[in-house]
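Written out below as structure tokens is the structure these notes cover.
The values are calculated or read from the model by the stated rules, or taken from the named source; none is laboratory data. This one's a predicted model, so the numbers in the text were calculated from it and none came from an experiment. Heads up, the Cβs are rebuilt from the backbone with ideal geometry, glycines too, and the neighbour counts pull from every protein chain shown. For the accessible areas, the whole protein counts, side chains as well, though only heavy atoms, and no ligand, DNA or RNA atoms are used. Shrake-Rupley method; radii C 1.70, N 1.55, O 1.52, S 1.80 Å.
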Amino acid sequence: MAIGEAGPGAARHGSRLKRLEETMRARLGRECVYVPSCRFGLYVALRHWCPPGGRVLMSPVNDDVILFVVLAAGLRPVQAPLNPLDASIDIDAVPDETWSSVSAVLTTNLYGNPDPAPRLRERCDALRIPLFEDGAHAIGSRVGDRPVGAWGEASAFSLSKHVGAKAGGMLSLADPGLRDAVEKTCAGLLTPNRLTSELAYAVRPYAEAAVRGLRLRRAAWAAVRLLGLADREEIRMPLRPDELARAAPRAPGLDAHDPWVRVDMHDYRQESGRLRLRRIGRRLDRLDDVLDACRVGTQLLLSTPWAKPRDAYGTQPLFRVPLFVADRDAAIAALARQGVVVGYLYDPPLDDYAGAEFTDPSPAPEAARWFARHALPADPLRARTVVEALERSGARPVEAPGGPGQYRG
């Protein structure tokens, strides 16, 4: 996957890629291949292991982009029942007939809380199907005796989240012998690096800092929308079902589904230039400090009355801590007044969003609906500000689900 022209520049570029891969290899204990984004890495994994027409069990509380990645790979998303308090796959609630029909399982590890990977690994082994891990939110989380990302045939990580590089990803492989084949697949799907994109990436942190310093967040977002540069106005992007149905016969392939897969990251499949790789490397070097700060903030947020249950997340360095509030819109507004923007909301669940034409609905959707409606993803790096804002606003905790058929709020 070395990018660039031959010569010293290409050598430096290749060495930066190799260094990033070695850093992640040391963390996971597995072979790692650099990719331009987590979504691109997931697509490569799905294409490599799953023949078109297969069915993939996944979480309905997830970014809609991931649904479209599965569709682009020529596969059928199958929505799983969830644990209502952490949105992990509820293995025991998945019907036997569903288990016998799926050809792969894709975890979410939402906000950094691990899905039950050891049990999923056992089930996948028994069924002889691959397990894929989406570790976008969970680069520092652990489950059982391993880090998230060390359980499946392949796992994909984002270097935009905890690492904060706003670019890059990593695809880890259980079988190091597959590296050459995966790299070849990646190379055939990448688009060339563009100078304008690299320059925009280079100046973005300074532009964002200026907006923060001048307190121009609302004006900046208004300008972006006015210019038609915003990909979504609501939590979910527009489904455009007629267009999506016309794209289906062209799967597997990213081109037909690009209008959906690229949302919020138009360069998701673009070769990474030297500027990106250099910044990613610097950020990755500071990852442990960020994870330590996330652990501290996570524990503070878990001590509040809006957290349930408080011991479910252990000492994970969560990317976001789900707090549960009765009126989420009011809580979001209270945080916005303190300069805290709430993102990573996944409401409604994917089966309600996409419908039965594009996904198999969950057989028990209530837990996902409750979580999607009430979870307030709080940034642990801004934990004190979040707690103070919610306390001042009088935000009320929501009553936890009382059992099957008793989801309240």
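Using the Karplus curve 6.51 cos²θ - 1.76 cosθ + 1.60 with θ = phi - 60°, work out ³J(HN,Hα) for each residue of region 28-35 in order, rounded to whole Hz, and write x for Gly and Pro.
Here the 3J(HN,Hα) series is 9, x, 9, 5, 10, 10, 5, 9 Hz.
Considering only protein heavy atoms and a probe of 1.4 Å, how much of the accessible area of the chain is carbon and sulfur, as a whole percent?
51 percent
What number, rounded to the nearest 500 deg cm²/dmol, is the helix-based mean residue ellipticity at 222 nm of the chain, given -39500 (n - 2.57) per DSSP H run of at least four residues and division by all its residues?
That comes out to -13000 deg cm²/dmol.
Compute the Cα gyration tensor for the chain, then decide on rounded, prolate or oblate, letting a ≥ b ≥ c be the square roots of its eigenvalues: rounded whenever a/c is under 1.5, prolate when a/b is larger than b/c in the other cases, and oblate in all that remain.
Judged from the Cα gyration tensor, the chain comes out rounded (a/c under 1.5).
How large is the accessible surface per residue of region 221-354, computed with a 1.4 Å probe and reported in Å² as a whole number?
Per-residue value: 49 Å².
How would you order 359-368, 174-183 from highest to lowest mean count of nearby Cβ atoms within 10 Å?
Final packing ranking: 359-368, 174-183.
If you take every residue apart from Asp115 with its C-beta less than 14 Å away from the C-beta of Asp115, what net charge results, scoring Lys and Arg +1 and Asp and Glu -1?
Result for the neighbourhood of Asp115: -1.
Is the shape of region 33-99 rounded, prolate or oblate, going by the alpha carbon gyration tensor and its root eigenvalues a ≥ b ≥ c, with a/c under 1.5 for rounded and a/b larger than b/c for prolate?
Cα axes put region 33-99 in the oblate bin.
How far is the Cα center of region 79-94 from the Cα center of region 137-202, in Å?
What the calculation gives is 26 Å, centre to centre.
Pop out the ³J(HN,Hα) list for region 294-303 in order, Karplus 6.51 cos²θ - 1.76 cosθ + 1.60 with θ = phi - 60°, rounded to Hz; leave Gly and Pro as x.
5, 4, 5, x, 4, 5, 5, 5, 6, 7
Hey, which aspartates and glutamates would be in cross-link range of Lys18, C-alpha to C-alpha under 12 Å, not counting anything within fewer than 8 residues on its own chain?
Cα-Cα hits under 12 Å: Glu31.
Report the relative contact order of the chain, percent, no decimals, based on alpha-carbon pairs under 8 angstrom and at least 6 residues apart.
Normalised by residue count, the contact order of the chain is 22 percent.
Just how far, in whole angstrom, is region 13-46 from region 292-310 if you go by their alpha carbon centroids?
Centre-to-centre (Cα) distance: 30 Å.
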